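Undergrad: Handing you this structure, nothing more for now.
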Amino acid sequence: MGVPWAGCCCWFLWLGVCRAYISVPLRVYSPPARAQWGPLLNASRENEPNAPGLSLASEPGGSINFLAMVDNLQGDSGRGYYLELNIGTPPQKLNILVDTGSSNFAVAGTPNPDISAFFDSDKSSTYHSLGIQVSVQYTQGSWTGVLGQDVISVPQGLSGNFTINIASILESESFFLPGVKWIGILGLAYGTLAKPSSSVTTFFDSLVNQEHIPNIFSLQMCGSGLTSSDRGGSLVLGGIEPSLYSGDVWYTPVTEEWYYQVEVLKLEVGGINLNMDCIEYNADKAIVDSGTTLMRLPQKVFNSVVDAIIQTSLIRDFVSDFWTGGQLACWDKSEKPWTFFPEISIYLRDVNFNQSFRLTIKPPLYIQYILTVQGTMDCYRFGISSSTGALVIGATVMEGFYVIFDRAQKRVGFAVSTCADVGGSHVSEIAGPFPTTDFSSSCVSTNFFREPIVWIISYVLMAMCGIILLILIILLLLPRRNHRDGEVNDASSLVQNRWK
């Protein structure tokens, strides 16, 4: 969601659309899936690798118990992953959405019909209002509030209390939605994106400064459809917990510190390269964003991916609305459609510029179970959507990996998540290194008219306009003053001549 537009933050929510029509003739197994018309009701759910034992430069000492942070997230990809926080004195226990695509920490400050709780600052003896209005616009939704400070603690996280900048949301539009269990947002991106300005110290920067923890956090998101466990995932503050991943960790550089912007070199569907200019993948930006539910692709890339899936899958004649998110596809409960779809791979540049590595997501990650209809059919959505600009590695991909946001080393790490499995089989893979001879130059386009550069340009232009306006006012006043001085001098001469 992250993404205040600065914002990629768009969390995509399938909230039980009143009626979705499905027409999916499937010819690859018996019995074929049946076309189902009618309301969908009663939802049932919903570089080089590090050598073994290699310590990361940013890894902390033994003073932090990372195991205390395991399983501290709840939720799923459809409704977001949230962390329980205690805010204020006495503490008010509230669920907060974890979002690596924005930078403000904000909670509902007034009642809202779509949520069951809010932060009552009047009941906190430690709350201090800064009196600064702040507004954030996301890809979906927006809010306006007032900035303040209060103490917080993380029940399943770092011990102790911390003083944090917190925005109380007073008005919002399409931000809180029916069915979500969180009442605020925890922006974990860089301070550059913080509103109203980068001078607002972010939540995680406050922890680093006050607790002196390493400038690194890591995230495991366990999709509810991918594991028998009820846990939602883990947010590890200050380091890495080895029990949450298997195999090697691969790192890609952060190309710009605002979002966690990375460089995508190529995409493959079913092992076949899309053969697109790599600039297309990074034309606006490519970011890693836990607050965006789906994997989002620029329109041209999205169209190529859909075409490639259709060509390489064993299923034909899908209606177009399935690919655009307007319809669900349903199969008899005895069938598992994932075997009929191809794998999708994303190649990221390694910290060694001359190498890359590959993230592969298997069909259970992007053909996502949503609900059961009439007790006999399971329905699925397409976990990839089009974007007007950014390529977003959202929850669709992140649920397959343990993702490490190593801010100290300016890199994002990926390893296979221990909870990314279906029936004991992993639904994600990571491999490398691969040569980057075809990508000897950067695939990241230079866009000077993007945030936060736009803000800087705006402030400079405003200052210049102010200076020019001041000069004009001075120039307009000067002739009048000279004219009045001349009149006084003429009158004085007349008086003197009269009395001679």
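Undergrad: Could you list, in sequence order, the residues of segment 304-351 that are in a helix (DSSP H, G or I) and buried (at least 18 other Cβ atoms within 10 Å of the Cβ)?
TA: Residues satisfying the conditions are SER304, VAL305, VAL306, ALA308, ILE309, PHE322, TRP323, PRO337.
Yes/no per residue for (1) of a type outside the set (S, T, N, Q); (2) surrounded by fewer than 23 Cβ atoms within 10 Å (Cβ to Cβ); (3) assigned to a strand (DSSP E or B):
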site: GLY389; (1), (2), (3): yes, yes, no
site: THR396; (1), (2), (3): no, no, no
site: GLY413; (1), (2), (3): yes, no, yes
site: GLY432; (1), (2), (3): yes, yes, yes
site: CYS443; (1), (2), (3): yes, yes, no
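Undergrad: Which residues, counting only those in segment 352-377, are open to solvent by 10 Å² or more (accessible area, probe 1.4 Å), at pLDDT 90 or above and part of a strand (DSSP E or B)?
TA: Correct list: GLN355, ARG358, GLN368.
Undergrad: A further question follows. So, in segment 398-411, of the ones that are assigned to a strand (DSSP E or B) and of a type in the set (D, E, K, R), which residue ends up least open to solvent (accessible area, probe 1.4 Å)?
TA: Result: ASP406.
Undergrad: Scanning segment 418-430 for residues that are within 18 Å of MET398 (Cα to Cα) and open to solvent by 70 Å² or more (accessible area, probe 1.4 Å), which turns out modelled with the highest pLDDT?
TA: GLU429
Undergrad: Considering only residues of segment 445-471 that are exposed (fewer than 10 other Cβ atoms within 10 Å of the Cβ) and in contact with a helix residue (DSSP H, G or I) (Cβ under 9 Å, 6 or more places away or on another chain), which is modelled with the highest pLDDT?
TA: Per the stated criteria, the residue is PHE449.
Undergrad: Search segment 322-338 for residues that are among the basic types (Lys, Arg) and pair each with any residue that is not in a loop (DSSP other than H, G, I, E, B) when their beta-carbon atoms are under 8 Å apart and the residues are at least 6 apart or on different chains.
TA: Going by the 8 Å Cβ cut-off, the qualifying pairs are LYS333/THR372; LYS333/MET377; LYS333/ASP378.
Undergrad: Then there's this: If a residue must be open to solvent by 10 Å² or more (accessible area, probe 1.4 Å), under 18 Å from LYS410 (Cβ atoms) and assigned to a strand (DSSP E or B), how many such residues does segment 252-282 contain?
TA: Here the count works out to 3.
Undergrad: Follow-up. Inside segment 77-101, can you point out the residues that are open to solvent by 10 Å² or more (accessible area, probe 1.4 Å), assigned to a strand (DSSP E or B) and either touching a Gly at 6+ places or on another chain (Cβ under 6 Å) or among the polar types (S, T, N, Q) (or both)?
TA: Those that are open to solvent by 10 Å² or more (accessible area, probe 1.4 Å), assigned to a strand (DSSP E or B) and either touching a Gly at 6+ places or on another chain (Cβ under 6 Å) or among the polar types (S, T, N, Q) (or both): TYR82, ASN86, GLN92, ASN95.
Undergrad: Please enumerate the residues belonging to segment 194-214 that are of a type outside the set (Ser, Thr, Tyr), open to solvent by 10 Å² or more (accessible area, probe 1.4 Å), more than 20 Å from ASN72 (Cβ to Cβ) and assigned to a loop (DSSP other than H, G, I, E, B).
TA: LYS195, PRO196, VAL200, HIS212
The values are calculated or read from the model by the stated rules, or taken from the named source; none is laboratory data. Quantities reported herein were computed from a predicted structural model and do not represent experimental measurements. Here the Cβ is made from the backbone with ideal geometry for all residues, glycine too, and neighbour counts use every protein chain on show. These area figures cover heavy atoms from the full protein model, side chains too; ligands, DNA and RNA do not enter into them. Shrake-Rupley method; radii C 1.70, N 1.55, O 1.52, S 1.80 Å.
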